[in-house]
């Protein structure tokens, strides 16, 4: 059995696309997944499956959500190893460790596919005040200096600019998902 983390984008945000975690867990189990655990209300699910293709698993979950709850929801599925790699490759880790960056202002915008190369270069050559980010093929590591609630560099911003679907999680959530998926 392989362990996976499903990240659902845009559920239970500002009263939109409301899904109870108990119902989401049941849906995952009905899809044949086992050891299903949810974390907070924003669509984080850790589960096990014998399936190996993360794109196929994501499509299955997306279709299940549409059929059961009636919502079109982008779904990104990662292995524990992939999320761990993304976490460990965070270029801001040293600055967080020495207190230069507040942990609560560290975000990961996980990309569903490689970002548009031209737009990536354009973003990297523009400054956004104290806000800092580093774009890779899989994730935008983002230090929201003014706070995520105040920044214009949110998930929608990066999706539009990089021309790919994305979902954002804070550092605390990434660490918790690594803990839950390491069991």
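We did not get these values from a lab; they are worked out from the coordinates using the rules stated. Just so you know, these numbers come straight off a predicted model, no measurement behind them. Counting neighbours? That spans all protein chains shown, and the Cβs are built from the backbone with ideal geometry, glycine included.
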For segment 101-183: relative contact order, % (alpha-carbon pairs under 8 angstrom, 6 or more apart):
44
Would you mind ranking 24, 123 by Cβ crowding within 10 Å, fewest neighbours first?
123, 24
Calculate the spin-label point distance for residue 182 paired with residue 160, positioning each point 7 Å from the Cα along the beta-carbon direction, and give it in nanometres.
3.8
Under the rule of -39500 (n - 2.57) per DSSP H run of 4 or more residues, summed and divided by the residues of the chain, what mean residue ellipticity at 222 nm is obtained, to the nearest 500 deg cm²/dmol?
-10500 deg cm²/dmol
Just to compare against my own numbers: the Cα pair-distance distribution for segment 84-181, 10 Å bins, whole % per bin, please.
16, 51, 30, 3
Please rank 167, 79, 117, 125, fewest neighbouring Cβ atoms within 10 Å first, as an exposure proxy.
125, 117, 79, 167
Here the equivalent ellipsoid of the chain, derived from its Cα gyration tensor, has semi-axes (largest first, whole Å) of 28, 18, 16
Counting only C-alpha contacts under 8 Å and six or more residues apart, can you give the relative contact order of segment 2-79 as a whole percent?
42
